[in-house]
Amino acid sequence: MDTKQRILDEALTLFSEKGYANVFVGDIAERVGIKAPSLYKHYKNKRAIFDAIIDLMNSRFAEQAKALQISGTDAAVDSKIYQNMSEENLLKLGREFFLFYLHDDYNKRFRKMLTIEQFNSKELAGIYTKLYVDDPLSYQSMLLGMVAAAGMLHTDNVKIMTLHFYAPIYFLLTMCDRDPEREPEALKTLDEHIIQFNRHYGRTK
């Protein structure tokens, strides 16, 4: 791991342990084993480190989505894949993404940091909401709406259907964050949730 990567890694660890506001550039440099002036050669300030962590998380998500043969961000592309996916493969996809968010080291530490800081910083509370509420709901609403328009799901309210799909998944994720021993239970519930969602909304595949 090169110095630039080590800075991000150690910074994220500190952020998740102490909260973003309580970590200073000098703390990060000390953890990496360099002097603060050396750190500034790589990142101009703490916020630049924070932004680089988000970029890295987005890259890791894109790699995971590619490995699962979906876009993950383009609802138009993914809706066509979803329409032709068997329930067995849909269950597998749901589990793979759930486990990625649950166990990916960067996502896990970043989510912990935001959980701490959401009560101290309006800006970081907004980032938490964007990453784990607004963005997923926006993408899934477009995807499910397109699938419904194709006649494979049946609803009079796409917004509520999307909440029905995503809210239990988010709940299970945060439950496992607090109590990792409940992961097997969460995975079983996730499978049951996806099956029930398909039955309730009349998915035809």
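Read the figures in this text as sums done on the coordinates, not as results from a lab. What you see is a predicted model, and the numbers here were worked out from it, not measured in a lab. Neighbour counts run over all protein chains shown; Cβ positions are idealised from the backbone, glycine included.
Observations on the model:
- Counting all C-alpha pairs of region 1-56, share separated by more than 19 Å (%): 13 percent
- Under 10 Å, Cβ to Cβ, from A29 - net charge with Lys/Arg +1 and Asp/Glu -1: -1
- The chymotrypsin sites (Phe, Trp or Tyr not before Pro) of region 9-117 that meet both conditions, a loop assignment by DSSP and at most 15 other Cβ atoms within 10 Å of the site Cβ, are F24, Y40.
- Electrostatic dipole magnitude of region 1-56 [Cβ: Lys, Arg +1; Asp, Glu -1; Cα centre; debye, to 20]: 220 debye
- Sequence-separation-based contact order of region 86-205, relative, with Cα cut under 8 Å and 6+ spacing, percent: 32 percent
- Pair-distance profile P(r), taking every C-alpha pair of region 68-200, with 5 angstrom steps and integer %: 2, 9, 18, 22, 21, 14, 9, 4, 1, 0
- Relative contact order of the chain, pairs being alpha-carbon contacts under 8 Å that are 6 or more residues apart, as %: 22 percent
- Cβ crowding within 10 Å ranks M113, M175, M57, M161 as M175, M57, M161, M113, fewest other Cβ atoms first.
- Pairs of Cα atoms nearer than 8 Å and 6+ residues apart set the relative contact order; for region 1-56 it is 39 percent.
- Look at the dipole of the chain built from charges on Cβ: of I127, M152, Y106, the Cα furthest out on the positive end belongs to I127.
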